[in-house]
1. Being in a helix (DSSP H, G or I), touching a strand residue (DSSP E or B) at 6+ places or on another chain (Cβ under 6 Å) and farther than 17 Å from ALA189 by Cα is the filter here, so list the residues in segment 116-149 that pass it.
2. Hey, ILE109 hits all of (1) of a type in the set (A, V, I, L, M, F, W, C); (2) in contact with a helix residue (DSSP H, G or I) (Cβ under 7 Å, 6 or more places away or on another chain); (3) more than 29 Å from GLY221 (Cα to Cα) but one; which does it fall short on?
3. Restricting attention to segment 201-231, and to residues there that are of a type in the set (Gly, Ala, Ser) and in contact (Cβ under 8 Å) with a residue 40 or more places away in the chain, which single residue is farthest from ASN37 (Cα to Cα)?
4. Hey, could you check segment 263-287 for residues that are away from the ligand (no atom under 14 Å from the Cβ) and in contact (Cβ under 8 Å) with a residue 60 or more places away in the chain and say which is nearest to CYS184 (Cα to Cα)?
5. May I ask you to say which residue of TYR192, TYR108 is outside any loop (DSSP other than H, G, I, E, B), within 16 Å of the ligand (Cβ to nearest atom), touching a Gly at 6+ places or on another chain (Cβ under 9 Å) and modelled with pLDDT of 95 or more?
6. Looking at segment 229-241, can you tell me whether even one residue there is in contact with a Cys (Cβ under 9 Å, 6 or more places away or on another chain) and more than 15 Å from the ligand (Cβ to nearest atom)?
7. If I go through segment 161-189 residue by residue, how many of them are small (Gly, Ala, Ser), part of a helix (DSSP H, G or I) and surrounded by fewer than 23 Cβ atoms within 10 Å (Cβ to Cβ)?
Amino acid sequence: MQRWRVVRFPRLIRILPILGLLSLASVPVVPAAPVANAQGTQYSVWLVESCTFKDVPAGGFMPDRAFVPGSTKPENSQVFFQLPVNIGIIKGGNELVMYDTGWKQQQYIQLNNCVNWAPIREQMAVIDLKPEDVTKVVIGHGHWDHAGQIDEFPNAMLYVQKAELDGIQWALNYPNPKISETVCGRRPACGYPPEIVDQIYGKILANKAVIVDGEMEIAPGMKIWPAHRAHTAGSQLLEVATARGPLLFGSDAYSSWEGIRDWMAANIQQTDTVQQFLAYERCYKVTGGYENCVAAHEPLSYTEGYPLTANSWTGPNGSRGAEVTLAPGEPSRRP
Ligand SMILES: [Zn+2]
């Protein structure tokens, strides 16, 4: 781990605050707007996993489900979780939208023991879709395993919360390296190494980003909800109208679907667990329950145990995918 602590990018870190100001000057910040879907647009949704985090200690993911030797409680009897890194692919109207992007930076993927990685282009080819056709990329937050393939979508607008950019800049510029180190697991700048920050700011510098401040409707029947501090400073959710009712994508505000169902905190980072629970509640309010909450790292993904993802397959390099729902008239793309 020590060798990774020297990974810094001082020049970029120095100019980040300036970039932030420039971007705010040139990119619209749109105030809260009510969700609207006059045409009744419904979207098709697929899920693919970028890779699988192997053998994550149960308590490191969900503290209330930590392994307790000798315990007879089922929630304390599992030693490790296998955690997918889920990416949403959403198609309907004139839009092809990604919710999170996974990652491709092999040094970090290996360091974090994430196996069965596959490039997003190959995963999309399985369902006959192309990265070039993606119109919008919404990142639930800016961490490496979610924001690491943004540049695979050259024609897409990036949607990121202003609070996330502020949080990244604050953490990277903090003078204490225990706060500002970027290759680690829990502290504020963890998961924001230079190659990842470049992915986000590359879009901003190319004038291909919308910096969102709170709620925003980004297409008919598709709305961003803020979930600030539910995982990171500027975490955000995405509501999507579908034939199986509204889905709510949550990235790491929704690391565990079982966590939402059972009201247990999961995958705390800079998390205010109160805000995480309010993000859970948002899903109940928007979708009417917990079944349609789309989780980033649910261990039951691609099995019957997580019904939304049960219609699944194994794709490139052993990575899994699922057809979640189809819009009227959209044929199945299941391989
Ligand atoms: Zn994550």
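The values are calculated or read from the model by the stated rules, or taken from the named source; none is laboratory data. Only a predicted model underlies this, so the values are computations on that prediction, with no experimental measurement involved. Cβ sites come from the backbone with ideal geometry, for glycine too, and all protein chains shown count toward neighbours.
1. Within segment 116-149, GLN123, ASP133 meet the criteria.
2. Unmet for ILE109, out of (1) of a type in the set (A, V, I, L, M, F, W, C); (2) in contact with a helix residue (DSSP H, G or I) (Cβ under 7 Å, 6 or more places away or on another chain); (3) more than 29 Å from GLY221 (Cα to Cα): (2).
3. Our first condition is that a residue be of a type in the set (Gly, Ala, Ser); within segment 201-231, this holds for 202, 206, 209, 214, 219, 221, 227, 230.
Now restrict to residues that are in contact (Cβ under 8 Å) with a residue 40 or more places away in the chain: 202, 209, 214, 219, 221, 227, 230.
Working: GLY202: 32, ALA209: 23, GLY214: 19, ALA219: 8, GLY221: 5, ALA227: 22, ALA230: 27 Å.
Among residues in segment 201-231 that are of a type in the set (Gly, Ala, Ser) and in contact (Cβ under 8 Å) with a residue 40 or more places away in the chain, the one farthest from ASN37 (Cα to Cα) is GLY202.
4. Step one: list which residues in segment 263-287 are away from the ligand (no atom under 14 Å from the Cβ), which gives 263-265, 272-275, 277-287.
Restricting the remaining residues to those that are in contact (Cβ under 8 Å) with a residue 60 or more places away in the chain gives 264-265, 286.
Working: MET264: 24, ALA265: 20, VAL286: 34 Å.
Only one residue tops the list, namely ALA265.
5. Values: TYR192 fails: outside any loop (DSSP other than H, G, I, E, B).
Among TYR192, TYR108, only TYR108 is outside any loop (DSSP other than H, G, I, E, B), within 16 Å of the ligand (Cβ to nearest atom), touching a Gly at 6+ places or on another chain (Cβ under 9 Å) and modelled with pLDDT of 95 or more.
6. Step one: filter segment 229-241 for residues in contact with a Cys (Cβ under 9 Å, 6 or more places away or on another chain), giving 237.
From what's left, more than 15 Å from the ligand (Cβ to nearest atom): none.
Looking for residues that are in contact with a Cys (Cβ under 9 Å, 6 or more places away or on another chain) and more than 15 Å from the ligand (Cβ to nearest atom), one finds none in segment 229-241, hence no.
7. Step one: filter segment 161-189 for residues small (Gly, Ala, Ser), giving 163, 167, 171, 180, 185, 189.
Now narrow it down to the ones that are part of a helix (DSSP H, G or I): 163, 167, 171, 180.
Cutting the leftovers down to surrounded by fewer than 23 Cβ atoms within 10 Å (Cβ to Cβ) gives us 163, 171, 180.
The number of residues fulfilling the criteria is 3.
For (1) away from the ligand (no atom under 16 Å from the Cβ); (2) of a type in the set (Val, Ile, Thr); (3) without any contact (Cβ under 8 Å) to a residue 60 or more places away in the chain, each residue gets a yes or a no:
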residue	(1), (2), (3)
GLU122	yes, no, no
HIS141	no, no, no
TRP144	no, no, yes
LEU165	yes, no, no
